[in-house]
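A short worksheet on the structure shown next.
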Amino acid sequence: MAISRSTKSDQLAVLEAKFKEAKGVAFITFNELTVEEAQVMRRGLRADGMSYTVIKKTLMALAAKNTGLPEVNVDDLEGAVAVIVSPTDEIAPAASIKKYMAEFFDKETKTSKVGYAGSIFEGKFCDVAATAIIAETPSREESLAKIVGMLKSGPQKLHNVFGSGFQKLFNVLENAEKFAS
């Protein structure tokens, strides 16, 4: 069914507004996804503060161009493609694709019903392989938790040495002297 020009312009305006406030953008293929599965994914993304928009690829490219995002080559986006936009996190859209790839994985065919189509990261359009790498990047919260864990482990180990008696401290210092020579 053909889409009217006014509908296309409305869709373009909505996507441009999302792109203007976007911190993270990823493109997802959904060729074998059912309507119910798409609704589950859309609700999950919305709960995480992201949007999921199905729109013509040419309109995606035009919206990116009109908002100053890098050029999106529609020839690089194969199959049915939607766009996931996050106004707060650069990595979240790609990471959410990874999550839904696992959720909608078909064990019989060993394929997922969704997949990476590309992303926009640090002002550049990234292909499928680069988007997969971006999806593996830990979130800001995970990175901060690891740093806190590393900072916390040093004093804990020192506390354990002091707490277990000075004999172990003496042993540690004696062994350190052997390795220093």
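Inside segment 18-46, residues that are closer than 25 Å to VAL128 by Cα and in a helix (DSSP H, G or I) make up a count of 14. For the condition free of Cβ contacts under 8 Å to residues at least 24 places away in the same chain, of a type in the set (Gly, Ala, Ser), surrounded by fewer than 20 Cβ atoms within 10 Å (Cβ to Cβ) and at negative phi, ALA130 qualifies.
In the set (1) more than 22 Å from ASN31 (Cβ to Cβ); (2) among the aliphatic types (A, V, I, L, M); (3) assigned by TED's automatic domain parsing to the domain that holds MET50, the condition left unmet by ILE97 is number (1).
Report whether or not ALA17 is buried (at least 17 other Cβ atoms within 10 Å of the Cβ) and modelled with pLDDT of 90 or more.
The answer is no for ALA17.
Hey, does segment 48-62 have a residue that's exposed (fewer than 13 other Cβ atoms within 10 Å of the Cβ) and either within 21 Å of the chain's Cα centre (by Cα) or in a loop (DSSP other than H, G, I, E, B) (or both)? Checked segment 48-62: at least one residue is exposed (fewer than 13 other Cβ atoms within 10 Å of the Cβ) and either within 21 Å of the chain's Cα centre (by Cα) or in a loop (DSSP other than H, G, I, E, B) (or both).
Taken together, the criteria place ILE55 among residues that are touching a residue at least 24 places away in the same chain (Cβ under 8 Å) and farther than 26 Å from SER139 by Cα. Can you find, within segment 62-91, the residue that is farthest from ILE28 (Cα to Cα) among those that are among the hydroxyl-bearing types (Ser, Thr, Tyr) and in contact with a helix residue (DSSP H, G or I) (Cβ under 7 Å, 6 or more places away or on another chain)? Among residues in segment 62-91 that are among the hydroxyl-bearing types (Ser, Thr, Tyr) and in contact with a helix residue (DSSP H, G or I) (Cβ under 7 Å, 6 or more places away or on another chain), the one farthest from ILE28 (Cα to Cα) is THR67. Of the helices (runs of 4 or more DSSP H) lying entirely inside segment 72-176, those containing at least 1 residues that are under 13 Å from the mean Cα position of the chain (by Cα) and hydroxyl-bearing (Ser, Thr, Tyr) span 92-103, 128-136.
The values are calculated or read from the model by the stated rules, or taken from the named source; none is laboratory data. Note that the coordinates shown come from a computational prediction; the quantities given were computed from them, not determined experimentally. Positions of Cβ are generated from backbone atoms using ideal geometry, with glycine treated the same way; all protein chains shown enter the neighbour counts.
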